Amino acid sequence: MIDGGPRAEPKRKLIAWLVTDDRGELIREIRKLARARGLEPIVGGFSSETLSIEPKEVVHTSHPTFGYLIRSGDNKVVWAPEFFSFPAWAKGADLMFAEASGWNRPIYFRGGVGGHACVEQISKEARKYKIKRLIFAHIGRPSIRALDAGRQPAFGEFGSDGAVYRLENR
């Protein structure tokens, strides 16, 4: 499991619960859910014969925060639901889950300690970094208002709760 929270935890048995921000707003609830399964949520990695998950730092706030580089076979997936600067390590991803808090301008945190990138900029940078498929996650009010007004990003699509995204094994 990566991140999650109330009503987002899977029904299956978990062997690891990874988080992008161990000080995030849902961490208290995530800890409770993970501990009920005998797990401790951590920023960390995981590997098996067919899968590797590696934390990668992102620029987001005043303390360390992370995204994850996920590899299976030749497939590269990026989980980066919150960042202020597009993570260069995402380059060439087959699938990227990205920030969508702001629509046409970044959201700055008080005190200049980071914030959230905006959909319009992420869409441009995803093309620059040759992201094959971009799914917007962590959808904020400015993006919801833009979608309600019928606007769409130049590149990428918005994720939806419960959706399954598959890659062909290469």
Value at 222 nm in deg cm²/dmol, rounded to 500, when DSSP H runs of n ≥ 4 in the chain each add -39,500 (n - 2.57): -4500 deg cm²/dmol
Stokes-Einstein D in µm²/s, Kirkwood radius over Cα pairs - the chain at 20 °C with 1.002 mPa s viscosity: 129
Sparsely packed GluC sites (Glu not before Pro) within region 1-59, loop by DSSP, other Cβ within 10 Å at most 11: E25, E49
Among T65, T50, T20, residue whose mean-square fluctuation peaks in a GNM of the chain (springs only between Cα atoms under 10 Å): T50
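Pick out, in residue order, every one of the trypsin sites (Lys or Arg not before Pro) in region 89-142 that is DSSP loop and has at most 10 other C-beta atoms within 10 Å; say none if there are none.
In loop regions of region 89-142 (DSSP not H, G, I, E or B), the sparsely surrounded trypsin sites (Lys or Arg not before Pro) are K130.
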Count, lysine Cα pairs under 21 Å in the chain, 8 or more residues apart or across chains: 17
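A short reminder: the numbers here are calculations on the coordinates, not readings from a lab. This one's a predicted model, so the numbers in the text were calculated from it and none came from an experiment. We place every Cβ from the backbone using ideal geometry, glycine too, and count neighbours over all the protein chains shown.
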